[in-house]
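A.B. asks: Let me begin by handing over the structure; questions about it come next.
The values are calculated or read from the model by the stated rules, or taken from the named source; none is laboratory data. It should be emphasised that the depicted structure is a prediction, and the values quoted were computed from it without experimental measurement. For neighbour counting, all protein chains shown are included, and Cβ atoms are generated from backbone atoms with ideal geometry for every residue, glycine included. Ligands, DNA and RNA are excluded from the accessible area calculation, which covers all protein heavy atoms including side chains. Shrake-Rupley method; radii C 1.70, N 1.55, O 1.52, S 1.80 Å.
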Amino acid sequence: MAKPVIVSAVRTAIGRSFKGGLANVPAETLAITVLPEAVRRAGIDPTVVDDVILAELNYGGGDLARHAAVACGMETVPGQAVNRHCTGSLTAIANGAAHIVSDMERVIVAGGVQSLSTAPLMKWRVPGKAEMEFVEPWMPPSHPETPDAPTLDMAITVGWNTAKKAGISREEMDAWALRSHQRAIAAIDAGKFLDEIVPIKVQQLDGSVVDFAVDEFPRRGTTLERLAALPVLHPEIEGFSITAGNSSGINDAGAAVTVVGDDFAAAEGLEVMGTVRAWANAAMTPADNGLAAGKVIGKILDRAGLKVSDVALWEINEAFASVPIAACREHGIDEELVNFSGSGCSLGHPISASGARMVTTLLYELRRRGGGIGIAAMCAGGGQGGALVVEV
């Protein structure tokens, strides 16, 4: 039985939705940027790819993976769309690894793309009306709505509920967010992301073309005082502590990895970046959504036969700062080892691409540090959580 290994990992820089460098770049373009680059970096012929698996969210159901394969000249390669909300691209990579372990496939490109800037607006016909009546704009709900878990307000369902249940203060969340920005800026200044980012050519409104190659969401001038001065998102709720500063961004990006069997990698002389050791998903009541990251961490540690002390580095997505803080408290994780180059509060959270971005960043950083085990974990809409273990 083949072991699933990653032989390439790449991402675009992360843009600020609607007003940033990728605001006029559709998801299709993000997909046809990372797909061929993942194949090129792997050193394989595109014709040997068995499948392309890309996460997408609220993009109309057009199967971006297959669209990208055809657009890149890979007409004999099928494509699969995956949706598990925030953890979609972790699931895409896990699905690819499962194909490899089953010996049904040899080469999979997996990841995800998100362009909130260009996502279509939907409308929903209200059933049971004599006259046609529509709700517009409309978004498919991630779970049945309850007063403590609104479907369209994750600041309450994820951020605030997690802070309350884990006893996390506004000051602790702001401090975490500040460190996230500081680490992201330090990583950019040190050139840490140069190897993992593929520049994307973006045409400006004046017709000129620029290379978009640097994450634009981190705030260089952020201070604790500035974060503390931001208003809470729900002042009508007593004690509410979630702000734009201790929340993730609204972002655009794409990311992909190439997963093959270790036997295939050896036969083709491919450079192995890391081994996929385990993957897991978990769920709990939607009102406990942000705590699902901690739950799935416990599940994947058990599944992989690991202790917290065995893990060299962690990526725990900052959907809100309360999420990684709660997970670290639950499992006694050293915060210094978590989100070493920033995360959702600073780099941003391009939803369907975030998991693959986290895995990509983990792989490159573990290589710089001489190897080790890394875990990427996150919560996801509907009360879900996902995680992946890689070893370099």
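A.B. asks: Among the residues that make up segment 10-28, is at least one of them of a type outside the set (Ser, Thr, Tyr), surrounded by 24 or more Cβ atoms within 10 Å (Cβ to Cβ), within 21 Å of Val259 (Cα to Cα) and out of contact with any Lys or Arg (no Cβ under 9 Å at 6 or more places or on another chain)?
C.D. replies: no
A.B. asks: For segment 186-213: of the residues being in a helix (DSSP H, G or I) and open to solvent by less than 80 Å² (accessible area, probe 1.4 Å), which is farthest from Leu363 (Cα to Cα)?
C.D. replies: For segment 186-213, the residue satisfying everything is Ala186.
A.B. asks: Of (1) open to solvent by 20 Å² or more (accessible area, probe 1.4 Å); (2) in contact (Cβ under 8 Å) with a residue 60 or more places away in the chain, Val7 satisfies all except one. Which?
C.D. replies: Condition not satisfied by Val7: (1).
A.B. asks: Conditions first: (1) assigned to a loop (DSSP other than H, G, I, E, B); (2) out of contact with any helix residue (DSSP H, G or I) (no Cβ under 6 Å at 6 or more places or on another chain); (3) closer than 23 Å to Gln203 by Cβ; (4) open to solvent by 10 Å² or more (accessible area, probe 1.4 Å). Ile44 passes all but one, so which condition is the exception?
C.D. replies: Here Ile44 meets the rest and fails (3).
A.B. asks: Additional query: Kindly evaluate Glu216 against the criterion of being without any contact (Cβ under 8 Å) to a residue 24 or more places away in the chain, acidic (Asp, Glu) and either part of a loop (DSSP other than H, G, I, E, B) or surrounded by fewer than 18 Cβ atoms within 10 Å (Cβ to Cβ) (or both).
C.D. replies: Answer is no for this residue.
A.B. asks: Identify, from the list Gly290, Gly294, Gly254, the residue that is assigned to a strand (DSSP E or B) and open to solvent by less than 10 Å² (accessible area, probe 1.4 Å).
C.D. replies: Exactly one residue qualifies, and that residue is Gly254.
A.B. asks: Name the single residue, out of those in segment 167-185 being in contact (Cβ under 8 Å) with a residue 12 or more places away in the chain and part of a loop (DSSP other than H, G, I, E, B), that is surrounded by the most Cβ atoms within 10 Å (Cβ to Cβ).
C.D. replies: Ile168
A.B. asks: Please state which of the following conditions Pro120 fails to meet, knowing it meets all the rest: (1) surrounded by fewer than 16 Cβ atoms within 10 Å (Cβ to Cβ); (2) in a strand (DSSP E or B); (3) within 23 Å of the chain's Cα centre (by Cα).
C.D. replies: In the conditions (1) surrounded by fewer than 16 Cβ atoms within 10 Å (Cβ to Cβ); (2) in a strand (DSSP E or B); (3) within 23 Å of the chain's Cα centre (by Cα), Pro120 misses (2) alone.
A.B. asks: Tally up the residues in segment 131-166 that are assigned to a helix (DSSP H, G or I) and farther than 16 Å from Thr243 by Cα, please.
C.D. replies: Qualifying residue count, segment 131-166: 2.
A.B. asks: When Met104 is evaluated against the numbered criteria (1) crowded, with 19+ Cβ neighbours inside 10 Å; (2) assigned to a loop (DSSP other than H, G, I, E, B); (3) touching an Asp or Glu at 6+ places or on another chain (Cβ under 9 Å), which criterion, by number, is the only one it fails?
C.D. replies: Against the list (1) crowded, with 19+ Cβ neighbours inside 10 Å; (2) assigned to a loop (DSSP other than H, G, I, E, B); (3) touching an Asp or Glu at 6+ places or on another chain (Cβ under 9 Å), Met104 comes up short only on (1).
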